[in-house]
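**Q** One structure, as structure tokens, below. Some questions next.
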Amino acid sequence: MALTDLLKTEHVLLDIEAVSKEACIDQLTSAMEQTGVVHDADAYKRAVLKREEEGTTGIGFGVAIPHGKSSGVSQPGLAFARVTSDVDWESLDGTPVRHVFLIAVPEEQAGNEHLQILSQLSRKLMHEDFREKLQSATTIEELIGALE
Amino acid sequence: MEKKILAVTACPTGIAHTYMAAEAIEKAAGEKGVDIKVETRGSVGVENELTETEIRDAHAIILAADTDAGESRFAGKAVVYASVGEAIKGAADLIDQALAKKATSAEDYVEQVQQAKKERSAQRKGPYKHLMNGVSAMIPLVVAGGIAIALSFMFGINAAEEEGSLAAALMQIGGSSAFALMVPILSGFIAYSIADKPGLAPGLVGGMLASSGGSGFLGGIAAGFLAGYVAKFFKDKIQLPKNLEGLKPILIIPVLATLVTGLLMIYVIGTPIESIMTGLENWLKGLNSGNAIFLGLILGAMMAFDMGGPVNKAAYAFATGLLASDLYAPMAAVMAAGMTPPLGLWLATLIRKNKFTKEERDAGKAAGVLGISFITEGAIPFAAADPFRVIPSLMVGSAVTGALSMLFGAGLKAPHGGVFVLAIPNAVTNLLPYALAILVGTIVTAIMVVSLKKTVESKVNTNSSNSNDVAS
């Protein structure tokens, strides 16, 4: 399994407008619903929002990584959005969010390969040059390339 | 030495933050040139797990966790607590905090003693480990029972004979209950250590038979090993079809192992051990003063030889086991001899300050407290720093104390407690001579130590390594 198996081209939303955290999660969820990653969007969103209640996923540096494990998810998936205006995510460092990775994990998942991929992504996000690439990518392909 | 820092990161979902925090800590440590290892406890499971050795050698540990992270592993270590979020945001700051922590184990003397004890129990192997498991399960019973008996004697040596009195109740608690359980528990937990749970029932029963059959604690030890290995044999060798497998631990092993152990105890090994035990008891009861001094010398030297190690524990187990046979003199000798090593060192640090480093002089005070509490291990840090001068000194002092205690006919009904049991009336027979024996041993130890040890100034080079030993 490669990162691109999780992050399908249809899951990448570059320069969208989103007024709120919830609106942003909505748009990303629909993208994953269309590719069949998520079959019960409501159940999945509940899991994601519940996780947000436990503590913000706004990790700072303008990046948020909301995620949820739910039976509404058919297969592991990852979606990315770059938003054009600041979204308040109650981030750890107080900065508004411009980049959002939404992670979907099925309730019952055989194997943990996808989790390892996500952990690699999480580690990459801690490096500034990687975050700059997220900002500077002009096409979906270029963005996916940065994640490879 | 380079300070090695460890860290653990964990969050409730364990999908992202665990790893981001780990990366942040690794990155910050890399920038500072600090040696680091980060364990992640995420949904993938525990990765890059910290080993016991790493934890022991670590300067400090950063615990960046919003959920359980196996914290009990770090008992006694310097720990920096943080949330996962704090680690992601301010990893560099956490590293600085960790570096600034004092490595507690090096500073705290009592901690060191605990550490030495812990390392010892980790090193125990095979039959010795099983025996020590039994002894350590038995000791609380001996202590509780012994003190209850001693309290009963407070009302007069025969006060317990009056039915319905508090003295009688205390005697019932200590003598006929706690002490009656001693040998079965010793035996049961030896067997438990060998064969796990299936060993417990045959071990307890074997111990009970040893106790009632008159083979005492020696019989109990034999029963424990017998029951343990018998149960382990059945556990390993009996193969049953899958649907009957469930009967094995609850029916087959307990019944077979208990019967085999019990029958062997009654018909085969019980009687010879009983005669050994009776012989030992008679010998101890009829000791002439020459033999008494000899036994005291041996027991005393054993107590000081390895301060809580196998030899010391053998002497201690021997004496506590004899309490069950109403023999109190060896117990007195053993406790006195176990108190003098730390007490003597404490006295030595007071009378010859120039023979000790500042750290050792401070440690001496703690050793004094451990000494009056009969914690022989209190002498270990001194002995570890300079074994060839310190250990023989301690052995001489303890041997003298043990011999004097036996010579004076001192008896002790409580197996622990140090000076604190001396305050209980009738717990000690011949109290004043007994206290004198401890005092003399302490002085002898101190004189031996200060005359053998070199002064600190004359060995500046080796001194620094000595204090390191104490601190390590």
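**Q** Based on C-alpha coordinates, I'd like the Rg and Dmax of chain A, in Å.
**A** Answer for chain A, Rg first and Dmax second: 13.9, 38 Å.
**Q** Moving on to the next point. Taking the alpha-carbon distance from B:K89 and a cut-off under 19 Å, which lysines remain once sequence neighbours fewer than 8 residues away in the same chain are dropped?
**A** A:K124, B:K27, B:K32, B:K37
**Q** Can you sort A:M32, B:M335, B:M395 so the residue with the fewest Cβ neighbours within 10 Å comes first?
**A** With the fewest neighbours first, A:M32, B:M335, B:M395 line up as B:M395, A:M32, B:M335.
**Q** How big is D, in µm² s⁻¹, for the protein assembly as shown by Stokes-Einstein at 37 °C and 0.692 mPa s if Rh is the Kirkwood radius over C-alpha pairs?
**A** 112 µm²/s
**Q** Defining a contact as two alpha carbons under 8 Å apart and six or more residues distant in sequence, what relative contact order in percent does region A:3-147 show?
**A** 27 percent
**Q** Return the loop-located trypsin sites (Lys or Arg not before Pro) in region B:1-103 (DSSP other than H, G, I, E, B) with at most 15 other Cβ atoms within 10 Å of their own Cβ; answer none if there are none.
**A** B:K3, B:K102
**Q** Given region B:289-471, what count of lysine pairs have C-alpha atoms under 26 Å apart, with each pair 8 or more places apart or on different chains?
**A** Count of close lysine pairs: 16.
**Q** Excluding residues on the same chain fewer than 8 positions from B:K285, give the aspartates and glutamates whose Cα lies under 12 Å from its Cα.
**A** Result set, ordered by chain and number: B:D326.
**Q** OK, next. Excluding same-chain residues fewer than 8 positions from A:K133, which aspartates and glutamates have a Cα within less than 17 Å of its Cα?
**A** Once the sequence-local aspartates and glutamates are set aside, what remains near A:K133 is A:D15, A:E141, A:E142, A:E148.
**Q** If one computes the Cα centroid of region A:1-42 and of region B:343-362, what distance in Å separates the two points?
**A** So the two Cα centres are separated by 72 Å.
**Q** Taking the Cα centre of the protein assembly as shown as origin, work out the dipole magnitude from +1 charges on Lys and Arg Cβ and -1 charges on Asp and Glu Cβ, in debye rounded to 20.
**A** Result for the protein assembly as shown is approximately 3260 debye, rounded to the nearest 20.
**Q** Could you work out the Kirkwood radius for region B:217-344, taking every pair of different alpha carbons, averaging 1/r and inverting it, reported in Å?
**A** Every distinct Cα pair counted, the radius reaches 17.4 Å.
**Q** Using a simple charge model, +1 on the beta-carbon of Lys and Arg, -1 on the beta-carbon of Asp and Glu, nothing else, what dipole does region B:289-471 show about its Cα centre, in debye to the nearest 20?
**A** Value, rounded to 20: 400 debye.
**Q** Counting pairs of alpha carbon atoms under 8 Å apart in space and at least six apart in sequence, what relative contact order in percent does chain B give?
**A** 12 percent
**Q** Charges on Cβ only, +1 for Lys and Arg, -1 for Asp and Glu, centred on the Cα centroid of the protein assembly as shown; of B:G203, B:S165, B:V450, which one is farthest towards the dipole's positive end?
**A** B:V450
**Q** Once the dipole of the protein assembly as shown is set up with Lys and Arg at +1 and Asp and Glu at -1 on Cβ about the Cα centre, which of B:T258, B:S275, B:V135 lies farthest towards its positive end?
**A** Working it through, the farthest residue towards the positive pole turns out to be B:S275.
**Q** Might you report the magnitude of the Cβ-based charge dipole of region A:1-89 about its Cα centre, with Lys and Arg at +1 and Asp and Glu at -1, to the nearest 20 debye?
**A** Magnitude of the dipole: close to 280 debye.
**Q** On to the next question. Which loop GluC sites (Glu not before Pro) in region A:37-97, with loop taken from DSSP, have no more than 15 other Cβ atoms within 10 angstrom of their Cβ?
**A** A:E90
**Q** Still on this model: How large is the Kirkwood hydrodynamic radius of region A:40-117, in angstrom, based on all distinct alpha carbon pairs?
**A** 13.0 Å
**Q** Here is a follow-up. What are the ³J(HN,Hα) values, in whole Hz, obtained from phi via the Karplus relation 6.51 cos²θ - 1.76 cosθ + 1.60 with θ = phi - 60°, for each residue of region B:178-189 in sequence order, with x given for Gly and Pro?
**A** 4, 5, 5, 7, 3, 5, x, 5, 3, 5, x, 7
**Q** Report the one residue of B:V311, B:P387, B:L297 whose Cα lies farthest in the direction of the positive end of the charge dipole of region B:289-471 (charges on C-beta: Lys and Arg +1, Asp and Glu -1; origin at the Cα centre).
**A** Farthest along the dipole direction, towards plus: B:P387.
**Q** Helix-only mean residue ellipticity at 222 nm, the protein assembly as shown, DSSP H runs n ≥ 4 weighted -39,500 (n - 2.57), per residue, nearest 500. What is it?
**A** Result for the protein assembly as shown: -19000 deg cm²/dmol, rounded to the nearest 500.
**Q** What is the mean number of Cβ atoms from other protein chains located within 10 Å of the Cβ atom of each residue in peptide B:15-28, rounded to a whole number?
**A** Mean shielding count: 6.
Just so you know, all these numbers are worked out from the coordinates, no wet-lab data involved. The shown structure was predicted, so the numbers you read here are calculated from the model rather than taken from an experiment. With ideal geometry, Cβ positions are generated from the backbone for all residues, glycine too; neighbour counts draw on all protein chains shown.
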